[in-house]
Amino acid sequence: MVKQRTNNGTAVTITKRSLKHSGSSAQAGPSVTKTRGRKSNVGAESGYGGFDRASSKTSKKSNSRFNKFEREQEARLQEAMELINGESGVVNVWVSEMKNIALSVMKKMDEKLNHENNCIKNLKLEFEKYQSVTTETLDHLAKIHTHSQRFRRELDNELKRIYTTDETELNESLEHFIKDQRQVRKSLVKSNKEIHDMSALKRMLSEV
């Protein structure tokens, strides 16, 4: 049952009845009950047809708007999916940026490892050189110490020899000097005796 107001202001009530026939079913036209004013069945049927046409137009507009809205939503969804999962989408851009960052970090780590390995190699070479120089220096110091000890022993021996030789020569020279002094003294004493011997002078005078 549907209440509808007609063009002349009369309110009518529309009732649908179902009629059954043998082997088929059919829908009878609406019966119109006049509540106020005057309206014929033909006018009611005309009003019901206008309502169907208006309802059909409204339904078509609604369907058209819904289809348009659905298409717009599908387009937006497709655009969003393209922005997210497309070649230039957010996900691919993010994945690409993460890959680039990871590659850059790995490259820097490799460069740092290579630099550290080179530094370690250089340090090993320098340490080996230092060990070699230190070993050579210690060998030279040991040789110098050995030579210095030998030179000191030789110097001590030479000083002892020189001291002993000088002392012997000095003693010998002193003995020779003493002997010479004794000889000179004896000669002087003898000469002095001869000079002061009066007996010889007396003999010479007596002979005269």
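Read-outs throughout are calculated quantities, based only on the coordinates presented, and are distinct from any laboratory measurement. All of these numbers come straight from a predicted model, not from anything done at the bench. Don't worry about glycine lacking a Cβ; one is built from the backbone with ideal geometry, like all the others, and counts go over all protein chains shown.
Altogether, the Stokes-Einstein calculation at 25 °C and 0.890 mPa s, with the Kirkwood radius of the range 76-177 over Cα pairs as Rh, returns a diffusion coefficient of 110 µm²/s. Counting 0.36 nm for each residue step from ALA75 to ILE178 and taking away their Cα separation leaves a gain of 22.6 nm.
By other beta-carbon atoms within 10 Å, ranking ILE120, ILE84 with the fewest at the front produces ILE120, ILE84. Between GLU111 and SER132, the distance separating the two model label sites (each 7 Å from Cα on the Cα→Cβ line) works out to 3.3 nm.
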